[in-house]
Amino acid sequence: MTGEAAENVAGEVAARWFRENAPRFSGVLLFEEPLARHTYYRIGGPAAVLATPKSREDLSWLAEGIRATGARSFILGAGSNVLASDEGFAGVVIRTGRMNLTLEASGELLRIGASVPISTLLRRAAQEGWGGLEFLTGIPGTVGGAVFMNAGTHLGETARRLRAVEAIDLADGRELTRFEGEALRFEYRRNLFLPRSALVWQTEWSLEQGDPAQVKATIDTTLARRKATQPIDFPSCGSVFKNPRAHGLNAWQVIEKLGLRGHRIGDAQFSEKHANFIINLGAARASDVKGLIELAKSRARAELGIELEEEVVFLGAGTSF
Ligand SMILES: Cc1cc2nc3c(=O)[nH]c(=O)nc-3n(C[C@H](O)[C@H](O)[C@H](O)COP(=O)(O)OP(=O)(O)OC[C@H]3O[C@@H](n4cnc5c(N)ncnc54)[C@H](O)[C@@H]3O)c2cc1C
């Protein structure tokens with residue numbers, strides 16, 4: 001049996017277990033669900049199982065099913081930084097958007113569930129005058145995704161404001177592990193502390209009590225600036241490549257130097273407006289986006305001696321914890 005055929009059989013075995021045990025799950029279970037419906041790119045073939053848990057118990061149940069079937073699994077936030085394969089995923093995709101929507105402030109500490117959308121958090125920040133989170137402006141996605149990615153903008157990054165993370169290890173599904181202080185290790189656009197099978201459940205952030213009007217003004221100005229410089233009318237994952245900081249360049253400048261701004265494969269295109277965005281003009285496939293990524297990487301290496309590294313995360317055969 002080929003690797004792909006073996007993966008598909010494993011996906012079918014997993015789907016059977018999840019169907020048979022579905023009455024013990026309070027969330028939403030979908031089978032052979034197109035990932036294109038759950039990613040910002042609007043790209044991606046079917047997931048054998050797509051589960052949207054609504055509670056801690058649901059997560060324990062998912063962990064049990066993954067252990068029992070040996071299925072591959074992938075944690076999906078809002079899908080704003082994920083490129084899903086055209087072939088889909090022969091395993092269990094766990095969508096985190098409904099499981100923990102806590103949002104509680106006490107003094108200068110904010111406890112936020114991993115499912116909370118960044119846009120909701122910022123709306124509350126503007127209402128309440130919670131200062132210090134403005135750097136998240138314009139980043140789509142969930143709080144859990146921002147922690148995993150160490151998301152940020154020119155105004156700062158997640159690592160600077162995050163105080164603690166509680167994660168559930170899906171290899172076990174029961175215990176919460178708390179990370180704080182020096183355990184919270186990050187680099188540019190990646191965390192270094194979460195085990196591969198860890199799902200971010202709850203987070204704590206430090207706030208500065210500010211003036212609601214001032215917080216709102218910073219958010220509005222930043223949003224306007226992003227609107228003017230980013231192709232937000234088309235599906236994308238934001239920046240495709242990390243900035244190659246060792247070379248003192250931004251990734252868009254590398255794409256520009258290679259003459260790839262506006263270059264197109266199928267319906268995927270390096271945006272004319274922001275060259276580090278690959279946009280979906282309508283019917284792009286993951287293979288088109290990947291084609292552009294590989295083209296830029298190989299030419300940057302050969303012509304400029306620059307090793308471009310993807311910021312976008314791939315979901316497909318071979319990705320799992
Ligand atoms: C128009 C646009 C603009 C963007 N601008 C920015 C920007 O300015 N700065 C920036 O940093 N990013 C930006 N992004 C990228 C993206 O929004 C961020 O990376 C975001 O933090 C991803 O969150 P998400 O919930 O969508 O995660 P997903 O994209 O679903 O997942 C991203 C990664 O996080 C993991 N993950 C998600 N949730 C959890 C969880 N609860 N526990 C464990 N792992 C988890 C996934 O497994 C995956 O590896 C942009 C994207 C778009 C579409």
Determine, yes or no, whether residue 178 is part of a helix (DSSP H, G or I), more than 8 Å from the ligand (Cβ to nearest atom) and over 20 Å from residue 232 (Cβ atoms).
no
Note: among 162, 155, 170, just one is near the ligand (Cβ under 10 Å from one of its atoms), buried (at least 19 other Cβ atoms within 10 Å of the Cβ) and not charged (D, E, K, R), namely 170
Could you tell me whether residue 69 is out of contact with any Ser or Thr (no Cβ under 9 Å at 6 or more places or on another chain), among the β-branched types (Val, Ile, Thr) and either buried (at least 19 other Cβ atoms within 10 Å of the Cβ) or free of Cβ contacts under 8 Å to residues at least 12 places away in the same chain (or both)?
yes
Criterion (closer than 16 Å to residue 191 by Cα, outside any strand (DSSP E or B) and touching a residue at least 12 places away in the same chain (Cβ under 8 Å)) met by exactly one of 144, 138, 97
144
Specify which of the listed residues (307, 294, 311) is modelled with pLDDT of 95 or more and within 16 Å of the ligand (Cβ to nearest atom).
311
Here the residues within the stretch 33-47 that are of a type in the set (Lys, Arg) and either surrounded by 23 or more Cβ atoms within 10 Å (Cβ to Cβ) or more than 13 Å from the ligand (Cβ to nearest atom) (or both) are 37
Can you report the number of residues in the stretch 56-94 which are under 24 Å from residue 117 (Cα atoms), aliphatic (A, V, I, L, M) and assigned to a strand (DSSP E or B)?
8
Of the residues 251, 268, 286, which is of a type in the set (Gly, Ala, Ser), within 23 Å of the chain's Cα centre (by Cα), under 23 Å from residue 150 (Cα atoms) and within 15 Å of the ligand (Cβ to nearest atom)?
251
Which condition number in (1) under 23 Å from residue 146 (Cα atoms); (2) surrounded by fewer than 20 Cβ atoms within 10 Å (Cβ to Cβ) is the one that residue 236 fails?
(2)
If the requirement is being surrounded by fewer than 20 Cβ atoms within 10 Å (Cβ to Cβ), in a strand (DSSP E or B) and on the phi < 0 side of the Ramachandran plot, which of these qualifies: 30, 50?
30
If I filter the stretch 124-135 down to residues being assigned to a loop (DSSP other than H, G, I, E, B) and either modelled with pLDDT under 95 or under 20 Å from residue 225 (Cβ atoms) (or both), which single residue comes out as farthest from the ligand (Cβ to nearest atom)?
132
Would you tally the residues in the stretch 67-88 being out of contact with any Lys or Arg (no Cβ under 7 Å at 6 or more places or on another chain), at pLDDT 95 or above and of a type in the set (A, V, I, L, M, F, W, C)?
6
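The values are calculated or read from the model by the stated rules, or taken from the named source; none is laboratory data. What you are looking at is a predicted structure, and each value in this text was computed from that prediction instead of being measured. Positions of Cβ are generated from backbone atoms using ideal geometry, with glycine treated the same way; all protein chains shown enter the neighbour counts.
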